[in-house]
Structure formats: C-alpha cells, structure tokens
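Let me begin by presenting the structure, written as structure tokens, before commenting on it.
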Amino acid sequence: MFLFLILTVYFAPTIYTYVRLKKLFPRRLYKILFTLCYIIFALGFFIAEIMSHRVNTDADTARYIILIGYFTLPYLLYLFLLTLLSDILRGTNRLLKVISTETTRNRKFHAVTTGILFLLPALIVAFGAIHVNSLKVNEFRVSIPRKSAALDHLKIVMAADLHLGQLTQKEFLANFTQKINAQNPDIVLLPGDMVEGHRDDGETTQFAQYFRQIKSKYGIYAS
C-alpha cells in the first residue's frame, strides 16, 4: 500500500505534466520525440537508483549517468509546478482578458512560453547542482529567560539532510568536518537524512571515519 501511494504521488503529476506539455507540439514527429524524451526523464530517477546499487560507481561514465538520473527528479518537479502555474494563469486570463487571444495564439508568444516552461526548471536545477557542495554557516542567538541550568551559554552546531551516497565527494566530507570543528561546538546535532538509500557497502565506513573527526564538548547526537 505504501509503495502504491508513493508511485501514485510520483506518477500522477508526471502524467498530468506529460499530457499538458504534449499539446504544445503541433507536429506528430515532435510529439513522438517529446514522448520518448519524457519517458526517459520520468524513469531517470529509478534507473539511477538501480544503477547506484548494482554498478561500480567508480567509473566516470556510470557516475555521470547516475548523477543525471538523480537530477531528473527535481527537474520534473519544477516542470510540473511551472506547468500547473501556467494552467492557472491561462484560466485566469480567460476570465480577466489581460492578454488578448490574438497574442496567446501568436507563434512567438507560444515559442517564448514553451521555452520558459522547459528552460526555467533546468536553470533552477543547474543552480542547485552548482551549489550542492557549498557549505554555509548560519548563526542564530537564542536567549532563554528563567533558565535553571548552571551553564551561561551553550553553542550548538546543527547540520541536516546530508544524504550521503556513492556520489558524495571526500572533499565535501573533509570540508564538512572542518567547518563544524571550526565553530568549537559544545554539542553537535545531526537530525536525520544522513545517508541516501539503503547503504550496506563499505562507504558507510568511510563516512564514519570523517564523523569521528568531529569534536564537541558534550557529544554528538544523530537520528
């Protein structure tokens, strides 16, 4: 039942997006090419998941294929959201007549809106891919009145959603531990999503080696 719900949540928006976008291509050949490309994108994440557990990811070709496969998931998400927004704006325009029917049916207008639908999600994903390994420290100060503890202050360092996997670079983990230790924390919290997928290989041992380098006064707590 759980798997059925997950697949429904994934494929329902995927099918909706396909049906809506297919109408943007007037010629039959373009519809066929779009359908083939869309199927590959829709299955990209699942292909990447299968390959990540069965293929040697040390090979550059396999790593790139898996990486592209993982990026298809956020791309399809933003493509769905943009398609949904486009339909909402289109319906609103029919009521309010902000843009004339002649303009919406114009070839240039059609080409521009179609280009935005496909390119904007790609730009968002590309921006995320560029910054995925960048680490930024955000500092928050919280004052607690009527505290009962003897401590004057407690410096907490928290990091979440690491999603460590085969594609995680060692440089990232080294930089991660250095960033944490540089804060000289009293306590370190790692609340969830530390490892991606079902890890039963030697990579978890490598990850553990970096986590053992983290230093804190009152310990490290993770879930």
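For region 1-112, the pair-distance distribution built from all alpha carbon pairs, in bins 10 Å wide starting at 0, is 12, 32, 30, 17, 7, 1 percent. Label sites at Leu36 and Ala222, each approximated as a point 7 angstrom past Cα along Cα to Cβ, lie 4.5 nm apart.
Hydropathy first: keep DSSP H helices in the chain averaging at least 1.0 on Kyte-Doolittle, then drop any whose Cα extent along the axis falls short of 20 Å, and list what survives. In the chain, the long hydrophobic H runs are 2-22, 28-54, 107-131. Compared with the alpha-carbon gap, the fully stretched path from Asn181 to Thr205 is longer by 6.6 nm at 0.36 nm per residue. Remark: C-alpha extents of region 140-223 on the principal axes read 48, 23, 19 Å, sorted largest to smallest. Cross-link partners for Lys215 among the lysines, with Cα-Cα distance under 20 Å and sequence neighbours closer than 8 places in the same chain left out: Lys136, Lys155, Lys170, Lys179. Rolling a 1.4 Å probe over the protein heavy atoms of region 45-138, with every protein chain left in place, gives an accessible area that is 67 percent carbon and sulfur. Entry note, region 1-117: relative contact order of 25 percent, from Cα contacts under 8 Å with a spacing of 6+ residues. Relative to the 2.2 N^0.38 Å rule of thumb, the chain has a C-alpha radius of gyration ratio of 1.37. Among the trypsin sites (Lys or Arg not before Pro) in region 21-53, those placed in a DSSP loop whose Cβ has at most 14 other Cβ atoms within 10 Å are Lys23, Arg27.
Using r as the Cβ-Cβ distance of Glu171 and Arg141, and R0 as 30 Å, what FRET efficiency do you calculate, to the nearest 0.05?
0.45
Whenever you get a sec, line up Lys170, Lys215 from highest to lowest accessible area (probe 1.4 Å, protein heavy atoms).
So the residues, ranked largest to smallest area, are Lys215, Lys170.
Computed packing ranks the peptides 44-54, 89-99 as 44-54, 89-99, most packed first, by mean other Cβ atoms within 10 Å.
Largest to smallest in accessible area, the residues Glu171, Glu102 fall in the order Glu102, Glu171 (1.4 Å probe, all protein chains included).
Average accessible surface for the chain: 73 Å² per residue, computed with a 1.4 Å probe over protein heavy atoms with every protein chain in place. The ellipsoid that matches the Cα gyration tensor of region 65-164 has semi-axes, each √(5λ) in whole angstrom, of 45, 22, 10, with the longest given first. Within the listed set Asp152, Asp87, Asp193, the Gaussian network model of the chain (springs between alpha-carbon atoms below 10 Å) gives the highest mean-square fluctuation for Asp152.
The values are calculated or read from the model by the stated rules, or taken from the named source; none is laboratory data. Quick caveat: nothing in here was measured; it's all calculated off a predicted structure. Note that we place each Cβ from the backbone using ideal geometry, even for glycine, and neighbour counts take in every protein chain shown. Keep in mind that these areas ignore ligands, DNA and RNA; they rest on the heavy atoms of the full protein, side chains included. Shrake-Rupley method; radii C 1.70, N 1.55, O 1.52, S 1.80 Å.
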